[in-house]
Amino acid sequence: MRELRFEIIFKSPVILQASSNTQGKMSSLDFIPGSAFLGMVASRYSDFSDPFKIFHSGAVKFCDAAPIKDGKEFFKIPLSYFHEKLDGSKIYNHHLLSREESEKFTQLKQMRSGYINDEKEKLSLKYEYSQKSAYDKERRRSMDSQMYGYEAFMAGMKWRFSVKFDANVSEDDINRAKETLERSTRLGKSKSAEYGAVEIKFIGENTDEIQSFTPPERYTFVYAKSRLALIDENGNPSYDVKYILPNLSANSVDYKKTQIRISNFTPYNGARSTKDYERACINKGSVIALKNLNAEQIAALKNGVGAYLSEGFGEVLINPWFLDGGDAENNPIEFQKEAQTERSTGKIPIQSDLAKFLKQKQTTKDQALEIAERVADFIESYKDKFSKISKSQWGAIRALCKSSADIQKDVSKFIGEGVEKDKWSDTKETLLEAIEKSRDPLKFALLLSMQMPKITGEKQ
């Protein structure tokens, strides 16, 4: 099977929700599902020579994306990882602990979040939260009782994903899929708002193999690299891991050493504008312990298990390296320092007139805020010194600001030659120096002449 690898960079925050619900608590995914990339390519559905083979047969698999740092891929921490409660520095693999070893611990707690790479660096994903409100078009204001929030991945994050093609997929269709992905620029929810801008790059074909180990007692440990949607003998969804392979006997599954978590969701199909059937899933990171498998069964596992393979479901790893070790209290797995999510510092080039207008508005707003902060600092530092200046004097400075071509020169003349120049004698240099150093002397003098009499007036 040919595997093309891509890198995706978030140019803006990206929202990836775990369900298609529009009300209630919204939970977020901690990965990018393969169905997102399938949807991008499906925008050119009719351009492919055999659309059924590309999107429905399982001949093409759009795999989930995983975070990367320094070119290294991170894997979801397996659910077989446990640590003693209140001590997360030493990790133990549940399936390798004997009963005698387990009884030595006071209380073991399962790890359920985070990622790990081949250097045993742990990675925790970070989100940013924003509060929103629905808009009332008739009243032209926020709609009553319609507040909601978005939890989004931060801009700049880098991820890597693969698309796998069977040998019978034509070269033209492979190139068409590759080209479509590279041209795709939007991902996730609220793509028409400020979310979802991405850049996708093709980085080559994958020839890497995950390091593995040989488990004891003819065990085979299956790690769920993606979600698994298992189907029973009647075609119904099931959480029972014995359906990971057809005709697998119940004795081949060691449920005591198996660690899984489950979830369910109802995907929304944009092409049909409706929801599909609810899916029952075994979550990423689950570890299934099987016994006495033959070579044919292991080969079948590597080809993918369960349903929805085209969307990235059913991808597993057999005896990966991170399921080894941590088999005794004196032989724990120890993580290296916490890794920071790799983030790109590139900026989206401003091209449209609207973007340029909004950028200018933001710049003006930032400058106004800076002037306001300088005025506030000046008042806090010198309000006692200017307490003798009357409101009428500040009003005269405001009047100068409305007609002056050189505010510093005009203010200097007013406070140095005016009727009440004696009251300004101790403060003249302080005021003129502050106006001179301001980014915008005119706006600074105007705002100061408006705010200072409020403070000094209250004091008087």
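The values are calculated or read from the model by the stated rules, or taken from the named source; none is laboratory data. Just so it is clear, the model here is predicted, and its values are computed rather than measured. Cβ placement follows ideal geometry from the backbone for every residue including glycine, while neighbour counts extend to all protein chains displayed.
Here K109 meets each of (1) touching an Asp or Glu at 6+ places or on another chain (Cβ under 9 Å); (2) without any contact (Cβ under 8 Å) to a residue 40 or more places away in the chain; (3) assigned to a helix (DSSP H, G or I) with one exception, condition (3). If you check N247, N251, N234 for being in a loop (DSSP other than H, G, I, E, B) and either under 34 Å from the mean Cα position of the chain (by Cα) or at negative phi (or both), only one passes: N234.
One line per residue, one yes/no per condition, for (1) farther than 30 Å from D208 by Cβ; (2) at pLDDT 85 or above:
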| position | (1), (2) |
| --- | --- |
| L96 | no, yes |
| E100 | yes, yes |
| K104 | yes, yes |
| Q110 | no, yes |
| Y115 | no, yes |
| S130 | yes, no |
| A134 | yes, no |
| K137 | yes, yes |
| M147 | yes, no |
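Residues of the range 71-87 being under 16 Å from A289 (Cα atoms) and either assigned to a loop (DSSP other than H, G, I, E, B) or not assigned by TED's automatic domain parsing to the domain that holds Q107 (or both), which ones? Those that are under 16 Å from A289 (Cα atoms) and either assigned to a loop (DSSP other than H, G, I, E, B) or not assigned by TED's automatic domain parsing to the domain that holds Q107 (or both): P78, L79, S80. Only residues that are basic (K, R) and outside any strand (DSSP E or B) were counted in the range 128-143, giving 3. Residues of the range 164-178 include none that is in contact with a Ser or Thr (Cβ under 8 Å, 6 or more places away or on another chain), of a type in the set (V, I, T), touching a residue at least 60 places away in the same chain (Cβ under 8 Å) and over 23 Å from L358 (Cβ atoms).
Does Y277 satisfy the condition of being in contact with a Ser or Thr (Cβ under 9 Å, 6 or more places away or on another chain), without any contact (Cβ under 8 Å) to a residue 12 or more places away in the chain and of a type in the set (F, W, Y)? In short, yes. Considering each residue of the range 355-388, count those that are out of contact with any helix residue (DSSP H, G or I) (no Cβ under 7 Å at 6 or more places or on another chain) and not basic (K, R), and give that number. Selection size over the range 355-388: 18. Quickly run through the range 18-34 and pick out the residues that are touching a strand residue (DSSP E or B) at 6+ places or on another chain (Cβ under 7 Å) and at pLDDT 90 or above. Passing the criteria: F31, I32, G34.
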